[in-house]
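This report concerns only the one structure given below.
The values are calculated or read from the model by the stated rules, or taken from the named source; none is laboratory data. Please read all numbers here as calculations on a predicted model, not as lab measurements. Here the Cβ positions follow ideal geometry from the backbone for every residue, glycine too, while neighbour counts run over all protein chains shown.
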Amino acid sequence: MLQTIRDRATGWIAWIVVILISVPFALWGINQYFSGHVEADVAKVNGTEITLRAFQERYQQERNRLEEQLGPRYTELVNESRLRKRVLQQMVNEEVLAQSADAAGFRISNSLLAAEIHGIPAFQEKGQFSDQRYAQVLSAQGMTPLRFEPMFRRELLIGQLQDGVIRTGLATPWEVDQFIRLRDQTRDFFYLSIPISRYERDAKVSEGQIQQYYDAHKDKFMRPEEVSIDYLDLDVSKLASSIPVSDEDLRALYKQQAGNFVTPEQRRVRHILIRVPKDADQQTVAAARSRAEALLKRLHDGASFAKLAKEYSQDPGSAAQGGDLGFFAKGTMTPAFDKAVFAIQKKGEIVGPIRTAFGFHIIQLEDVKPSREMSFDEVKTQLAADYRKRKAEDRYYALADRLTNLTYEHPATLQIAAQKLGLQVQRTGLFSRQGGTGLASNTKVVAAAFSSDVLNGNNSDPIEISPTQTIVIRVHDHKPAALRPLAEVHQQVEDDLRDQYGRAQAKKLAEQLLAELRAGRDPQRLAKADDLGFKQLKAVGRGDTAVDAKILRLVFGSGRPQKGHADYGDVELDSGAYAIVGVTQVSDGDPSGIPKDKRLVDEQALAQVAGTQEFTGLLADLKQHAKVEMEEQSLTQP
């Protein structure tokens with residue numbers, strides 16, 4: 001399809017590309033899953049429907065992404081109901097924006113769409129777009145170009161609107177100054193620390209208290225539900241290792257792929273670069289060209305290229321090596337530079353000045369490695385690996401279908417499928433819903449293992465661990481959650497009670513000392529009298545990692561102290577200790593000391609924030625004036 005679309009170079013909105021390419025595009029078997037059901041809507045935006053099917057696909061994509069990102073902590077950190085609502089809200093936002101962009105006349109031409117797709121690394125081979133690779137990647141995600149391209153065009157359209165608004169963000173000089181004053185602000189402070197360990201050993205804990213605490217906190221002493229699983233593992237890499245290969249097969253493959261085993265011509269050059277800024281005016285460009293031409297004349301008069309490169313080249317990567325760039329093949333460098341290098345006729349020849357985005361280059365050809373065909377022996381190992389992989393992939397897809405059918409037809413055992421497919425039933429150790437090690441660290445496996453269907457004794461559906469690995473599992477052993485006996489957790493209960501007592505006593509002393517400090521008592525004398533740690537710090541910045549994060553947060557959340565006084569506060573640290581903090585001085589950052597280039601970065605960052613706020617406001621306004629109907633009760637439909 002894309003062959004009919006005209007090429008044109010461009011490149012923006014990379015985040016949209018990442019999102020679209022890095023997560024699964026569709027659920028396997030989605031058509032069968034929804035067959036027999038009337039298509040339902042989960043929302044309407046100005047009459048345009050967001051279907052339940054579209055929502056389910058998008059929700060599964062987001063769920064898969066979070067599972068991959070969070071691992072075993074997914075179930076602990078993600079609220080499924082909130083995730084569903086968030087996904088729906090995002091889809092509504094996108095529809096509102098797409099309608100607005102369309103109404104405003106934004107368009108994505110075929111040439112722009114093609115250029116963006118051609119620029120996606122996942123669709124490239126050796127740095128060039130491949131129609132075959134494009135189709136393969138989409139097919140692996142259950143997609144076709146006919147389905148993907150309209151989706152991607154819509155994402156680009158929304159991105160065009162978003163980018164256009166965000167780029168309007170501005171930051172005034174006063175705002176930049178204020179930002180620098182706050183960001184680079186430092187504070188002087190001291191703190192007293194009260195460790196709970198000084199009280200824990202004094203706590204008197206009775207058996208009655210232990211029993212009472214145990215009875216009141218039984219949920220804390222539960223042994224989690226655990227399972228161990230049996231599984232069949234269908235893996236391309238394991239299949240490949242068992243596939244025999246003969247020299248005859250490899251020689252036939254070598255002959256078939258002969259064009260793939262030609263090393264391209266490589267050239268080694270030296271260059272001298274005279275840089276030209278991107279926004280340079282004509283006078284600056286002319287001056288740079290003049291310098292390059294003067295150096296070229298000296299070279300033609302017999303000067304050493306390496307010496308002049310070391311002295312005058314403004315390429316930090318090669319100047320010290322006399323401008324030597326080493327060997328490289330055609331297509332490696334920028335087009336103008338590349339064209340000049342491979343147009344040189346003989347070794348030692350010097351050409352220039354050549355203009356590129358970096359400036360003006362003078363180039364000398366040092367050496368040439370001609371193109372050559374690699375021998376069979378040189379590529380035999382790679383040929384064998386490729387042969388086995390290709391055969392293994394063919395076998396994998398055939399066996400995957402049979403694995404699905406056999407484990408479905410015989411849901412109470414894996415043995416039949418194992419025998420017919422030549423696989424071995426393997427077993428994991430016990431693991432909880434939080435996951436375990438090895439295969440049990442995969443969130444898809446954990447979710448399947450604790451699903452009601454599998455816990456009830458059935459085989460799981462095939463689980464795609466990766467595009468080249470599929471497993472089917474069943475529960476071998478299931479241990480329900482159970483309360484651990486008091487005898488087993490007796491020491492833990494006692495430690496909890498001592499910790500509780502220590503925290504209470506530390507807090508009590510902290511409140512007492514804080515009152516005394518605010519009454520004017522000397523902090524160092526107080527610390528010495530109570531045998532407490534005392535630390536004084538000066539010129540501490542917001543990002544100082546050497547200071548406890550909670551102390552730092554309290555310090556920079558405090559007000560400015562009056563001269564000769566301190567602004568006090570206290571905070572409980574993660575260790576249970578208490579810190580009493582006194583801020584004695586606040587010193588703002590100095591905007592006048594920031595170099596122009598760094599100030600420009602700050603200005604651009606603030607403008608980006610302002611633009612993002614503008615975009616958020618625009619979205620809110622568009623939604624307010626749109627007719628949005630949401631059917632959230634439909635979100636949990638199967």
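Within the stretch 472-499, being small (Gly, Ala, Ser) and part of a loop (DSSP other than H, G, I, E, B) holds for one residue alone: Ala481.
Can you find a residue in the stretch 321-341 that is farther than 28 Å from Gln257 by Cβ, part of a helix (DSSP H, G or I) and in contact with a helix residue (DSSP H, G or I) (Cβ under 9 Å, 6 or more places away or on another chain)? Among the residues of the stretch 321-341, at least one is farther than 28 Å from Gln257 by Cβ, part of a helix (DSSP H, G or I) and in contact with a helix residue (DSSP H, G or I) (Cβ under 9 Å, 6 or more places away or on another chain), which makes the answer yes.
Only one of the listed residues (Ala135, Ala171, Ala114) is in contact with a helix residue (DSSP H, G or I) (Cβ under 9 Å, 6 or more places away or on another chain) and within 30 Å of Asp590 (Cβ to Cβ). That residue is Ala171.
The set of residues in the stretch 105-158 being outside any helix (DSSP H, G or I), closer than 23 Å to Glu94 by Cβ and in contact with a Lys or Arg (Cβ under 9 Å, 6 or more places away or on another chain) consists of Ile108, Ser109. Within the stretch 314-339, residues that are within 17 Å of Ile274 (Cβ to Cβ) sit with their Cβ atoms under 7 Å from residues that are assigned to a loop (DSSP other than H, G, I, E, B), at 6+ positions apart or across chains, in these pairs: Ala319/Ser313; Gly323/Ser313; Leu325/Ser318; Thr334/Ala357. Evaluating Ile363 against the criteria (1) of a type in the set (Val, Ile, Thr); (2) under 30 Å from Ala288 (Cβ atoms); (3) in contact with a Pro (Cβ under 6 Å, 6 or more places away or on another chain) leaves one unmet condition, (3). Considering only the stretch 350-377, state which residues are more than 17 Å from Ala336 (Cβ to Cβ) and touching a residue at least 12 places away in the same chain (Cβ under 8 Å). Correct list: Glu366, Asp367, Val368, Lys369, Pro370, Ser371, Arg372, Glu373, Met374, Phe376. On inspection, Ala103 fails the criterion of being of a type in the set (Gly, Ala, Ser), more than 29 Å from Lys444 (Cβ to Cβ) and touching a residue at least 40 places away in the same chain (Cβ under 8 Å). Exactly one residue among Val571, Val586, Val601 is at pLDDT 95 or above and outside any loop (DSSP other than H, G, I, E, B), and that residue is Val586. Of the residues making up the stretch 87-135, those that are modelled with pLDDT of 90 or more and hydroxyl-bearing (Ser, Thr, Tyr) number 1. The test for being assigned to a helix (DSSP H, G or I), out of contact with any helix residue (DSSP H, G or I) (no Cβ under 9 Å at 6 or more places or on another chain) and either of a type in the set (Phe, Trp, Tyr) or at pLDDT below 90 (or both) holds for Gln69.
Restricting attention to the stretch 521-556, the residues being assigned to a loop (DSSP other than H, G, I, E, B), of a type in the set (A, V, I, L, M, F, W, C) and under 16 Å from Asp570 (Cα atoms) number 2. Of the residues examined, Gly142 is one that is on the phi > 0 side of the Ramachandran plot and within 29 Å of the chain's Cα centre (by Cα).
Confirm whether Gly71 is surrounded by fewer than 17 Cβ atoms within 10 Å (Cβ to Cβ), within 30 Å of Gln604 (Cα to Cα), among the small types (Gly, Ala, Ser) and touching a residue at least 12 places away in the same chain (Cβ under 8 Å). In short, no.
Ile16 - would you say it is more than 27 Å from Ala448 (Cβ to Cβ), at pLDDT 90 or above and in a helix (DSSP H, G or I)? It is false that Ile16 is more than 27 Å from Ala448 (Cβ to Cβ), at pLDDT 90 or above and in a helix (DSSP H, G or I).
Only residues that are in a strand (DSSP E or B), of a type outside the set (Lys, Arg) and at pLDDT below 90 were counted across the stretch 357-388, and they come to 1.
You will find that of Leu552, Leu537, Leu573, Leu526, the residue that is more than 41 Å from the chain's Cα centre (by Cα) and closer than 21 Å to Pro195 by Cα is Leu526 and no other. A search for C-beta distances below 9 Å between a residue of the stretch 191-214 that is surrounded by fewer than 18 Cβ atoms within 10 Å (Cβ to Cβ) and any residue that is in a loop (DSSP other than H, G, I, E, B) and of a type in the set (Asp, Glu), counting only pairs 6+ apart in sequence or on different chains, returns Arg198/Asp531.
Anything in the stretch 419-444 that is of a type in the set (A, V, I, L, M, F, W, C), part of a helix (DSSP H, G or I) and over 12 Å from Ser228 (Cβ atoms)? List them, or say none.
Residues of the stretch 419-444 that are of a type in the set (A, V, I, L, M, F, W, C), as a first pass: 421, 423, 425, 430-431, 439-440.
Still in the list and also part of a helix (DSSP H, G or I): 421, 439-440.
Scanning the stretch 419-444 gives a single hit, Leu421.
Restricting Asp338, Asp367, Asp315 to those that are charged (D, E, K, R), in contact with a strand residue (DSSP E or B) (Cβ under 6 Å, 6 or more places away or on another chain) and buried (at least 17 other Cβ atoms within 10 Å of the Cβ) reduces the list to Asp315.
Spot the failing condition for Gly576; the list is (1) under 14 Å from Phe189 (Cα atoms); (2) in a loop (DSSP other than H, G, I, E, B), and only one is missed. Of the numbered conditions (1) under 14 Å from Phe189 (Cα atoms); (2) in a loop (DSSP other than H, G, I, E, B), the odd one out for Gly576 is (1). The sole residue among Arg498, Arg542, Arg518 that is assigned by TED's automatic domain parsing to the domain that holds Ala216, closer than 30 Å to Gln211 by Cα and either buried (at least 16 other Cβ atoms within 10 Å of the Cβ) or among the basic types (Lys, Arg) (or both) is Arg498.
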